[in-house]
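Down below is the structure, laid out as structure tokens.
Since every read-out is calculated from the coordinates, none of them should be taken as a lab result. Please read all numbers here as calculations on a predicted model, not as lab measurements. Positions of Cβ are backbone-derived with ideal geometry, glycine not excepted, and every protein chain shown enters the neighbour counts.
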Amino acid sequence: MSESLAQRYLAGLKARWEEVGDDESPQELALATGAAPDGIVRLRGAYPLSPDTLTNLLSLVDGTYHRDYGGHEVSVYLLGSDLEEYPYYLLSVGQILESAAAPTSQDSLRGRYGDGLDEWLPPGREGGPDEGYRDDRIDPDVPIGRWLHFADCMNNGGTSQLFIDFDPAGEGRVGQIIRYLHDPDEWAVIADSFDDYLERLASDGFGFVLPDESEQEQAEALAMCEAGSLSPIVRRALDAAASDAPGAESLLRGLARRIVLDKGFFGLHGDDDSQTMIDLIFWLHTRLAPPRSFEDFYNYPQDAEDPYAQPSFELMIVFSLVADPFDFKTGGIAPGFVEDWWNERTAQGKIVQSEDGGGHVFTVEAETQLFDSLRTLAGRS
């Protein structure tokens, strides 16, 4: 018997995983089993026009969206869409039926968007820059639950979902594939059928499967930590602190190296090492000018002739100016996270007003604790 399209699709996907050096996805997928026959019967009861290729695929793999198989959770990207390099999970039969029974399944696009439907989602085949739209082959009055919801994107479906539409409008075809994308919202038809959809993914070389570049990215981040050029502000602060804290640059780079080894990249989040890095940047800031407020600590003066002239967290470690770049930076961070750090250190009594009232500084005890911690961490690296 010749292989089904579903079998050929999975074989091609596994070959792509091998090509990019992804060993984890096939090992995880091997734990999955197919849907039970009674599950397929229930699916066809809810969606009588379910395409054979979809039920064949589910008979081989009953979902990869955080799916439990005998105590083993399988979370594998099995599908893609017209969104380049964006992967999706295949929902299980149970998850498909659960979605069909959700309270929101009775909403139509018109019901969801109300009187502003045509304004928010003008009908057509594509939207303008930063504008939403709905494909004119989609009936906006059909309850969404009548579409078979078979895939959620890598962001747990929060950004994009895929459906099979059995009630098209206009020039649409029964069984066409709808791709929903959030903000701005788009409801687009991306294939005439499920078979066409799978064949396109295969012919495009499974473009949603990307090479694992994590080792190279980590190596580049480590090189940046160990030898990358520092912010002009950080350099001046280290020079100013040379007599008070000899070896501070080594401690700074060593801490950054720990963060990269832990995360695989240089980024600051809620972990202890990240908090310590912010402590160190704050201390360096105070070597040049104690900040008068959180905003004074964090924000760089955008209207200044030379933004590097005044210390700021942003231009010390987050990003650099195009006209005068440096290497040692995260490339981005959420200001709210740093503000939480500021509020916590203030509540702990570690950040106080300087004696002359000119700004905020660490207490002597907090400064001592910071450098004791840095030297301890350096000894562990």
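What to note about this one:
- Estimated [θ] at 222 nm from DSSP helical runs (n ≥ 4, -39500 (n - 2.57)) normalised by residues in the chain, nearest 500: -12500 deg cm²/dmol
- One chain, two ends: Asp327 and Glu119. Fully extended at 0.36 nm per residue, the span grows by 70.4 nm beyond their Cα-Cα distance.
- Computed from Cα positions, the angle between helix 214-227 and the longest principal axis of the chain comes to roughly 10 degrees.
- Hydrodynamic radius of segment 246-381 per Kirkwood, over alpha carbon pairs, in Å: 15.5
- Projected label distance in nm at His72 and Ser293, using a 7 Å step from Cα toward the beta-carbon: 5.7
- Placing +1 on the Cβ of every Lys and Arg and -1 on the Cβ of every Asp and Glu, with no other charges, gives the chain a dipole of roughly 740 debye about its Cα centre.
- Placing dummy labels 7 Å off each Cα toward the beta-carbon, the span from Glu226 to Glu355 is 4.3 nm.
- Net +/- balance of residues flanking Asp204 in space, Cβ distance below 12 Å, scoring K and R +1, D and E -1: -2
- Between 0 and 90 degrees, the angle of helix 5-20 with respect to the longest Cα principal axis of the chain falls at about 20 degrees.
- Label zone at Asp212, where the point sits 7 Å out along the Cα-to-Cβ direction: segment 257-274 residues whose backbone N lies under 16 Å: 263-265
- Acute angle (nearest 10 degrees) that the helix 248-263 long axis makes with the longest principal axis of the chain, alpha-carbon atoms: 10
- 10 Å Cβ shell holding at most 16 others, DSSP loop, GluC sites (Glu not before Pro): longest site-free stretch of the chain: 214-304
- Full-extension gain in nm, Glu365 to Asp272, via 0.36 nm per residue minus C-alpha separation: 31.6 nm
- Charge tally in the Cβ shell below 14 Å around His182, where Lys, Arg are +1 and Asp, Glu are -1, His182 excluded: -3
- Here is the list for segment 283-381: trypsin sites (Lys or Arg not before Pro) lying in DSSP coil, each with at most 16 other C-beta atoms within 10 angstrom of its C-beta, are Arg292.
- Once backbone amide H atoms are built at 1.01 Å from N, Ile138 has Ala169 as its partners under 5 Å, excluding neighbours fewer than 5 places away on the same chain.
- Nearest-0.05 FRET efficiency for Ala15 and Asp136, computed from C-beta distance (R0 56 Å): 0.90
- Cross-link reach list, lysines versus Lys329, counting only Cα pairs under 30 Å and skipping chain neighbours closer than eight places: Lys263, Lys350
- Using the Karplus relation 6.51 cos²θ - 1.76 cosθ + 1.60 with θ = phi - 60°, the per-residue 3J(HN,Hα) values for segment 96-112 come to 4, 5, 5, 5, 5, 9, 5, x, 6, 5, 7, 6, 9, 4, 5, x, 6 Hz, with x marking Gly and Pro.
- For the chain: relative contact order, % (alpha-carbon pairs under 8 angstrom, 6 or more apart): 11
- Where labels lie 7 Å past Cα in the beta-carbon direction, separation of Glu199 and Glu98 in nm: 3.4
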